[in-house]
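Below is one structure, written out as structure tokens, with a few remarks after it.
The values are calculated or read from the model by the stated rules, or taken from the named source; none is laboratory data. Small disclaimer: the values here were computed from a predicted structure and weren't measured. Counting neighbours? That spans all protein chains shown, and the Cβs are built from the backbone with ideal geometry, glycine included.
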Amino acid sequence: MGNKVMPSQADTSAPVVLDSLEGRLDLKGYPTPYSDVVALMVPLTSRTRGMVDAGFLAAMKTGAVLVNVARGPVVDTDALVAELRSGRLRAALDVTDPEPLPPEHALWTAPGVILTPHVGGSTQEAQEEIGHLTPEAMTEVAELLKLDPGYVSGVATFYSLFRMEPVGEHHFAVCTNLPCTLRGAVEICDHIRRRIGVSQFNEVSADGRFSIEDVECLGACEYAPMMRYQHRYHYDLTPEKVDALIDTAREEVHGD
Ligand code: FES
């Protein structure tokens, strides 16, 4: 897609520079001006409070998007509002300062901003329980960010963490790339499907509680076969390990 991922670590006395991944900050810790998206995922500390100030924002590329899923006070809200009003930057804010935003706050009417009510911490939970991306939601995101709907759809369908269909509250994402398959991933998938009562991937069980999908490499090949389940990686899977997870989930349902 031509985009570059540029990791950086802001909460240190000196910015971390990862040349091998083309990560760069200038000496003040500002983003270099070729970042299309700057995503904030830092704790709120004395060093990060106000970290994204007017200077930081001014260093961002024109048209870039600031994503804040960290804490509101990491960003200088007045400085951000000024950038939004000028039309130079856009933002997607899951957290704000103040929070909650008072009804008359300037962020409500600033252009080019998406506000969500501090749900970032539960986004995956919500998605795994009930959520998925609808065409309407993607169209709305495209309109708000002034992007082509095809671009938003392309991003959403590229990453397996975005789902186009509902999934069960207990969702098994089993890696079926080569190392995991060589170590029994297919058999694990068959076993899970039998136990939760579905015949194929991405099907939700009749009670709506379980589903399974096959995913690409999750980066834990040395622990193959493995899967992501309820936000955690589960390694060296065996039918017995899977059974224990399913039994526990069912006990939760019935309150046994
Ligand atoms: S192949 Fe399964 S985690 Fe890499």
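Quick notes on this one:
- Residue that is within 11 Å of the ligand (Cβ to nearest atom) and either of a type in the set (Asp, Glu) or within 28 Å of Pro135 (Cβ to Cβ) (or both), where the choices are Glu216, Glu252: Glu216
- Residues that are within 8 Å of the ligand (Cβ to nearest atom) and out of contact with any His (no Cβ under 8 Å at 6 or more places or on another chain), drawn from region 219-238: Gly219, Ala220, Cys221, Tyr223, Ala224, Pro225
- Boolean, Leu40 is under 23 Å from the mean Cα position of the chain (by Cα), modelled with pLDDT of 70 or more and surrounded by 13 or more Cβ atoms within 10 Å (Cβ to Cβ): yes
- Region 199-244, subset more than 24 Å from the chain's Cα centre (by Cα) and outside any loop (DSSP other than H, G, I, E, B), residue modelled with the lowest pLDDT: Glu222
- Boolean, Ala142 is away from the ligand (no atom under 11 Å from the Cβ), free of Cβ contacts under 8 Å to residues at least 24 places away in the same chain, among the hydrophobic types (A, V, I, L, M, F, W, C) and out of contact with any Pro (no Cβ under 9 Å at 6 or more places or on another chain): no
- Hey, Val186 in contact with a helix residue (DSSP H, G or I) (Cβ under 8 Å, 6 or more places away or on another chain) and at negative phi or not: no
- Under the condition of being away from the ligand (no atom under 16 Å from the Cβ), assigned to a loop (DSSP other than H, G, I, E, B) and farther than 17 Å from Pro166 by Cβ, the residues counted in region 176-198 number 0.
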